[in-house]
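Contents: one structure, followed by commentary.
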Amino acid sequence: MRDSAGSGDTAMTHARRRDPILESGGGPEVRHAPSTEAELVDILRESAPHTTFRIRGAGTWTSVTERICADATLDLSRLRGITAYVPGDLTLTARAGTLLSEIAEVTRANGQWLPLDPWGGSTGTLGATLATASAGPLAATIGLPRDAALGLTIVDAAGIRTTAGGRVVKNVAGFDLVRLQVGAWGTLGILTEATVRLRPLPAVDRSCAIQLLENAGLAELITSLRQLTLGPLALEAVNSTLAATIGLPPAAMLLVRLGGSPRAVAQTLDQLLRHPGAHEISSSIWPTLAATESDGAAGVRYSVRPSQWPSLWTAVVDAGDATTRVHATPSRGIVRVVAPAALQDRVRQSTVSAGAMEIVEGAGPGVRGLPALRALGRRVRDAFDPHRRLNPGVMDDDRS
Amino acid sequence: MIPPGLDRELADVVGTRWVLTRPGELLAYTSDGLPGYRHDPALVVLPGTRDEALAVVRLLARRNVAFVPRGAGTGLSGGALADGTVVLGLNRLRRILEIDVDNGWAVVEPGVVNAHLSRAVAAYGLHYAPDPSSQSACTIGGNVAENAGGPHCLKYGVTVNHVLALTVALADGSVVTLGSTEGEVSGYDLLGAFVGSEGCFGVVLDATVRLTINPPAVRTMLADFPTIDSAARATSAIIAAGLVPAALEMMDQPTIQAVEASIYAAGYPVDAAAVLLIELDGAAAGLDDDVARVAAACRDGGARDVRVATTEADRQRLWQGRKKAFGAMGRVSSHLVVQDAVIPRTRLPDVLAEIGRIGREEGVTVCNVFHAGDGNLHPNIPYNGNDAGETQRVERAMVRIMEACIAAGGSVTGEHGIGVDKLPYMPRLFSEATLGSMCRLRDCFDPERRMNPGKVVPVRSCREWAMSPAARR
Ligand SMILES: Cc1cc2nc3c(=O)[nH]c(=O)nc-3n(C[C@H](O)[C@H](O)[C@H](O)COP(=O)(O)OP(=O)(O)OC[C@H]3O[C@@H](n4cnc5c(N)ncnc54)[C@H](O)[C@@H]3O)c2cc1C
Ligand SMILES: Cc1cc2nc3c(=O)[nH]c(=O)nc-3n(C[C@H](O)[C@H](O)[C@H](O)COP(=O)(O)OP(=O)(O)OC[C@H]3O[C@@H](n4cnc5c(N)ncnc54)[C@H](O)[C@@H]3O)c2cc1C
């Protein structure tokens with residue numbers, strides 16, 4: 001382990017001198033806050049081979065990193081800034097510590113966006129969002145973080161810099177290390193820079209809410225939405241508690257977001273508003289919904305094949321209480337519950353009969369599945385971080 | 001190279017008829033869609049069921065024999081060739097196992113031909129979106145292994161965006177399911193890593209693929225440009241206007257002339273320097289507004305004419321010319337190099353100008369037909385392969401073109417893969433450390449490198465990586 005009084009002109013000592021916040025940041029371990037990739041490389045190379053590191057972006061999701069027991073923290077929040085943006089290519093390159101909000105601001109000025117809307121809002125970093133593959137309602141139609149990431153720069157556990165993918169929108173040169181790293185939670189390397197694919201902002205962005213009448217007729221409702229002339233940008237169901245939290249009447253609702261040309265959106269909205277209990281709402285509901293996350297609340301996702309989600313939804317909503325926030329992405333078959341651990345147990349029991357798969361968020365999901373898949377996952381971890389230096393305890397298959 | 005008696009052991013699994021060993025029978029397997037490479041396999045085994053395929057993989061594991069999976073053999077990077085080893089042909093596994101209309105997916109065997117799947121689900125108003133120009137022949141297994149693209153991938157994404165789950169046999173004979181139809185899985189995205197692994201990670205035994213709802217309305221248009229540069233600039237203007245066409249393809253004059261001189265003649269203007277074939281789809285309302293905006297962008301960019309297909313037959317004809325363009329070129333001369341590179345879209349005008357210059361300097365005819373919206377180039381050169389001097393000039397031109405694409409910040413393949421053809425470019429694109437990471441990933445799936453040996457990553461890189469203990473720390 002490297003000690004804080006370590007000699008020389010290192011990134012760590014710089015960080016300590018310059019940033020009192022980092023010093024008071026707590027935790028018994030050493031904190032490094034490199035402001036360049038080269039500094040990060042030095043930190044990894046100069047530390048003893050068995051030093052373990054907790055990786056941190058903006059630290060907005062501290063409940064995740066606190067589970068990690070490590071000798072030192074690698075704080076990437078100084079490794080920030082947009083390094084390339086070519087609007088005509090719809091691509092942007094930024095360092096890992098760049099905030100999603102900063103990217104949103106710069107791209108909006110060019111009529112473009114990076115359509116990643118993870119729970120927690122846009123106060124997190126690009127690196128963490130890709131590393132954790134965090135996604136929100138837009139993922140159902142626009143894509144997942146793995147689809148947005150075109151290229152990555154990675155510093156591995158041995159302090160070796162590698163790259164994955166590139167800056168072009170289509171690329172099959174070699175094995176796909178981008179997809180391997182996205183969602184690997186930093187256990188196969190630290191992301192230092194990413195090139196992402198942008199999209200044109202829809203000309204208009206309008207939304208409506210359709211009240212879910214006592215959870216009945218869900219399947220029919222979703223089927224009828226499939227016949228819409230314009231496919232929605234997002235479709236998310238919220239339970240009454242969550243609806244009230246985001247300023248809607250306290251009733252279970254399906255929120256629909258439409259984007260596209262004014263005429264197509266207007267026509268589709270007309271179709272939607274014919275549903276009983278439907279009314280137009282402001283599209284600002286979406287950032288509000290994303291930002292309702294409170295750190296420390298346990299999020300658990302359950303998933304089934306999409307055609308079975310109505311029964312999963314009903315089971316989960318019924319198992320919760322007045323404090324439970326439940327929302328769901330029907331087309332992905334996902335129902336997500338934000339509730340204290342005690343209540344999660346009750347919910348879990350209700351989902352067993354629905355045959356749902358479970359993902360405990362933030363626990364750093366283990367590599368689960370049948371033995372052959374677990375073995376494969378373990379081999380991957382062994383190949384890239386044999387000594388478990390990076391985010392130890394995360395993505396190991398003995399945890400679940 | 002293969003153990004004696006292997007043919008008989010394989011015949012016990014699949015039947016004598018399906019083990020090919022005679023030179024005449026093997027001939028069809030000595031090359032793929034890129035006839036410049038010829039490798040002689042020791043034998044070809046053609047299982048008829050997934051169980052047989054798995055039994056073959058296990059037998060080859062027990063006997064420690066290297067092998068190369070193969071679909072329809074339409075690959076354009078020399079990826080499905082076996083040099084003295086075994087070809088495992090999967091094109092007899094062509095059953096569609098399940099069509100789930102409610103959830104919008106199908107489970108298919110690897111040998112199902114791409115276009116057959118769309119045909120099978122057409123009655124439900126669905127189709128399989130990735131549409132390589134070879135779709136009437138290539139297989140889903142080959143598409144998964146190459147992460148194939150196609151004209152409509154501009155809007156709908158490439159193969160990986162349409163694969164939900166794969167059942168895969170690893171080289172050691174174990175079977176894993178990557179991905180899931182039951183929503184999410186936790187753990188590394190090994191499904192994403194597998195797609196595009198060019199037969200080096202495992203054999204696809206079945207694939208669950210997403211089916212896409214047919215768009216309610218489609219408009220297909222052809223814009224005619226007096227210069228390549230104006231067509232390239234119009235491409236950027238369309239994208240910059242915030243429009244995402246379903247497809248945005250470009251063909252230059254030599255391509256147009258080859259197509260028009262063939263049975264695939266589509267009525268393209270033979271005097272145009274380049275045409276853009278543009279398709280818009282989606283809700284009928286507003287679609288004609290978008291058509292007008294695209295047409296305006298083309299006209300502002302100097303298009304002489306923009307026409308919209310008025311009937312389905314007209315539309316099919318416009319597409320036929322594009323999809324059969326490689327074939328049309330193949331008829332012009334005895335040999336054809338088909339290339340595949342990607343550049344940032346905004347670099348199209350200068351890279352196309354550079355390609356034109358290289359062609360003139362080397363005295364070869366470059367035919368450009370490509371996915372302009374993605375910046376995915378296909379500079380192809382028809383030539384006489386029996387003329388040693390011309391062959392040499394063609395090779396030199398191709399290397400120069402690929403170097404120009406790399407210099408423009410691009411990549412040497414957008415959809416055809418590395419195979420053996422692009423191996424020499426890999427060290428120019430990636431550092432030794434990055435190539436080492438690719439090898440480490442491959443070794444997780446197949447530590448003995450028995451599957452498709454010698455492909456994708458130059459062997460030298462892997463060896464060096466393995467020898468360096470510091471790097472492995
Ligand atoms: C309260 C709250 C709850 C959330 N809950 C969920 C949820 O349940 N599901 C979901 O999908 N998203 C969730 N998010 C999503 C979260 O918004 C994104 O992942 C986000 O952008 C985190 O950014 P950050 O920089 O603050 O990450 P941090 O909190 O700093 O780190 C998050 C994780 O990413 C790793 N990491 C950070 N940077 C890197 C890097 N450069 N390279 C490798 N690894 C790195 C960390 O080790 C840590 O495990 C939540 C966010 C908040 C604020
Ligand atoms: C005229 C023409 C047009 C083309 N147009 C396009 C295009 O628009 N877009 C595009 O992307 N490509 C295109 N191609 C290239 C080619 O069709 C694709 O690469 C296709 O995906 C190959 O499929 P295949 O079944 O022929 O595979 P093969 O050529 O047989 O094999 C290709 C690779 O896949 C591996 N493989 C095959 N089956 C399996 C399996 N079941 N499991 C594991 N590995 C397997 C092989 O080992 C090999 O590495 C074109 C080719 C031609 C000849």
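Return yes or no: is residue B:361 among the acidic types (Asp, Glu), part of a helix (DSSP H, G or I) and either crowded, with 18+ Cβ neighbours inside 10 Å or touching a helix residue (DSSP H, G or I) at 6+ places or on another chain (Cβ under 6 Å) (or both)?
Judged against the criteria, residue B:361 is not a match.
Please indicate, with yes or no, whether at least one residue in segment B:167-175 is within 16 Å of ligand 2 (Cβ to nearest atom), modelled with pLDDT of 95 or more, under 29 Å from residue A:312 (Cα atoms) and over 23 Å from the mean Cα position of the chain (by Cα).
no
Assess whether residue B:37 counts as being at pLDDT below 95 and surrounded by fewer than 24 Cβ atoms within 10 Å (Cβ to Cβ).
Criteria met by residue B:37.
Among the residues of segment B:184-236 satisfying the criterion of being within 9 Å of another protein chain (Cβ to nearest Cβ) and outside any loop (DSSP other than H, G, I, E, B), which is farthest from ligand 1 (Cβ to nearest atom)?
The first filter runs over segment B:184-236 and keeps only residues within 9 Å of another protein chain (Cβ to nearest Cβ), leaving B:184-198, B:200-201, B:213, B:216-217, B:236.
Remaining after also requiring outside any loop (DSSP other than H, G, I, E, B): B:190-194, B:213, B:217, B:236.
On the way: B:190: 18, B:191: 18, B:192: 17, B:193: 17, B:194: 22, B:213: 27, B:217: 35, B:236: 31 Å.
The extreme case among them is B:217.
Can you tell me which residues in segment B:161-179 are part of a loop (DSSP other than H, G, I, E, B) and at the interface with chain A (Cβ under 7 Å from one of its Cβ atoms)?
Selection gives B:174 alone.
With the condition kept exactly as written, say whether any residue in segment B:24-36 is part of a helix (DSSP H, G or I) and closer than 16 Å to residue B:451 by Cα.
no
Can you list the strands (runs of 3 or more DSSP E) found entirely within segment A:142-254 that contain at least 3 residues being away from chain B (no Cβ under 12 Å) and more than 19 Å from the chain's Cα centre (by Cα)?
Ranges flagged: A:204-211.
Suppose we filter A:128, A:109, A:140 for residues that are open to solvent by 20 Å² or more (accessible area, probe 1.4 Å), closer than 30 Å to residue B:155 by Cα and free of Cβ contacts under 8 Å to residues at least 24 places away in the same chain; which single one remains?
Sole residue among the options that is open to solvent by 20 Å² or more (accessible area, probe 1.4 Å), closer than 30 Å to residue B:155 by Cα and free of Cβ contacts under 8 Å to residues at least 24 places away in the same chain: A:109.
Any idea which of (1) away from ligand 2 (no atom under 16 Å from the Cβ); (2) at pLDDT below 95; (3) not acidic (Asp, Glu) is the one residue B:297 doesn't satisfy?
Condition (2) is where residue B:297 drops out.
Out of segment B:132-159, which residues are in contact with a Gly (Cβ under 6 Å, 6 or more places away or on another chain) and either within 9 Å of chain A (Cβ to nearest Cβ) or more than 8 Å from ligand 2 (Cβ to nearest atom) (or both)?
Listed by number, the residues that qualify are B:146, B:147, B:154, B:158.
Among the residues of segment B:147-160, is there at least one that is buried (at least 23 other Cβ atoms within 10 Å of the Cβ) and either within 16 Å of ligand 1 (Cβ to nearest atom) or within 19 Å of residue A:377 (Cα to Cα) (or both)?
There is no residue in segment B:147-160 that is buried (at least 23 other Cβ atoms within 10 Å of the Cβ) and either within 16 Å of ligand 1 (Cβ to nearest atom) or within 19 Å of residue A:377 (Cα to Cα) (or both).
Mind checking whether some residue in segment B:254-269 is open to solvent by 10 Å² or more (accessible area, probe 1.4 Å), over 24 Å from residue B:292 (Cβ atoms), more than 16 Å from ligand 1 (Cβ to nearest atom) and among the charged types (D, E, K, R)?
yes
Does any residue of segment B:394-412 turn out to be out of contact with any Gly (no Cβ under 6 Å at 6 or more places or on another chain), at pLDDT 95 or above, under 30 Å from residue B:353 (Cα atoms) and within 16 Å of ligand 2 (Cβ to nearest atom)?
yes
So is residue A:40 buried (at least 19 other Cβ atoms within 10 Å of the Cβ), away from every other protein chain (no Cβ under 14 Å) and either assigned to a loop (DSSP other than H, G, I, E, B) or within 16 Å of ligand 2 (Cβ to nearest atom) (or both) or not?
Criteria not met by residue A:40.
From the list A:300, A:337, which residue is in contact with a Phe, Trp or Tyr (Cβ under 8 Å, 6 or more places away or on another chain), closer than 27 Å to residue B:103 by Cα, away from ligand 2 (no atom under 16 Å from the Cβ) and hydrophobic (A, V, I, L, M, F, W, C)?
Result: A:337 is the single residue among A:300, A:337 that is in contact with a Phe, Trp or Tyr (Cβ under 8 Å, 6 or more places away or on another chain), closer than 27 Å to residue B:103 by Cα, away from ligand 2 (no atom under 16 Å from the Cβ) and hydrophobic (A, V, I, L, M, F, W, C).
Among (1) at pLDDT 95 or above; (2) in contact with a Phe, Trp or Tyr (Cβ under 8 Å, 6 or more places away or on another chain), which single condition is residue B:344 missing?
(2)
Out of (1) at pLDDT 90 or above; (2) in a loop (DSSP other than H, G, I, E, B), what's the single condition that is false for residue A:328?
(2)
Here is a check on your reading of the model: is residue B:459 closer than 22 Å to residue B:77 by Cβ and modelled with pLDDT of 95 or more?
So residue B:459 fails the test.
The values are calculated or read from the model by the stated rules, or taken from the named source; none is laboratory data. Keep in mind that this is a model prediction, so the values were computed, not measured. All Cβ positions, even for glycine, are placed from backbone atoms using ideal geometry, and neighbour counts span all protein chains on display. Note: accessible area is taken over every heavy atom of the protein model, side chains too, but ligands, DNA and RNA are not part of it. Shrake-Rupley method; radii C 1.70, N 1.55, O 1.52, S 1.80 Å.
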